[in-house]
1. With the other protein chains left in place, how much accessible area per residue, in square angstrom, belongs to the chain at a 1.4 angstrom probe?
2. Under 5 Å between amide H atoms, partner at least 5 residues away or on a different chain: which partners does residue 76 have, H built in plane at 1.01 Å?
3. What residues qualify as long-range amide H neighbours of residue 82, i.e. H under 5 Å apart, gap of 5 or more or another chain, H built at 1.01 Å from N?
4. Roughly how many percent of the accessible protein surface of segment 17-85 is carbon and sulfur, given a 1.4 Å probe and a whole-percent answer?
5. Could you tell me whether segment 13-55 comes out rounded, prolate or oblate from its Cα gyration tensor? Rule is a ≥ b ≥ c as square roots of the eigenvalues, rounded for a/c under 1.5, then prolate if a/b exceeds b/c, otherwise oblate.
6. In whole Hz, with x marking every Gly and Pro, tabulate ³J(HN,Hα) for segment 21-27 from phi via Karplus 6.51 cos²θ - 1.76 cosθ + 1.60, θ = phi - 60°.
7. With a cut-off of 8 Å between alpha carbons and a minimum separation of six or more residues, what is the relative contact order of the chain in percent?
8. Quick one: order 41, 14, 55 from most to least accessible surface, probe 1.4 Å.
Amino acid sequence: ITLAPCVRAHAIPETPLIEQNFATAAAATGGTPAEFQAFLEQNTTLLKRLPTLAEVAGTAAFLASDGAGAMTATVANVSAGNVID
């Protein structure tokens, strides 16, 4: 089982690296990090938001649990609709 939040999505906003990346991207476009995040949310995801750290952690915990014991050869898409499988 593979968990793919950042590989298959833009970002998890609560992480320091992504905050830094948003700041860099925003500076390059002449906007603010909040404006850059809002653009990603509104234009690149079906849910109109980015995945949260709690959502990714909860999914990882489930995948590591007995509840997911029968899952094989699976990619957990935690992209908030950025990637449609």
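1. Values: 5110 Å² over 85 residues.
Per residue, the chain has an accessible area of 60 Å².
2. So residue 76 has HN proximity to 2, 3, 4.
3. 46
4. Details: 2620 of 4240 Å².
Taking all protein chains in place, segment 17-85 shows 62 percent carbon and sulfur surface.
5. On the way: a/c = 3.12, a/b = 1.27, b/c = 2.45.
It is oblate, given that a/c is not under 1.5 and a/b is not larger than b/c.
6. So the Karplus estimates, Gly and Pro as x, are 5, 4, 5, 5, 5, 5, 4 Hz.
7. On the way: 110 pairs, mean separation 39.3, N = 85.
Across the chain, relative contact order equals 46 percent.
8. Details: 41 40, 14 95, 55 65 Å².
The most accessible residue leads, giving 14, 55, 41.
The values are calculated or read from the model by the stated rules, or taken from the named source; none is laboratory data. Since this is a predicted model, take the numbers as computed values, not measurements. Each accessible area value is taken on the protein alone, full model and side chains, heavy atoms only, with ligands, DNA and RNA left out. Shrake-Rupley method; radii C 1.70, N 1.55, O 1.52, S 1.80 Å.
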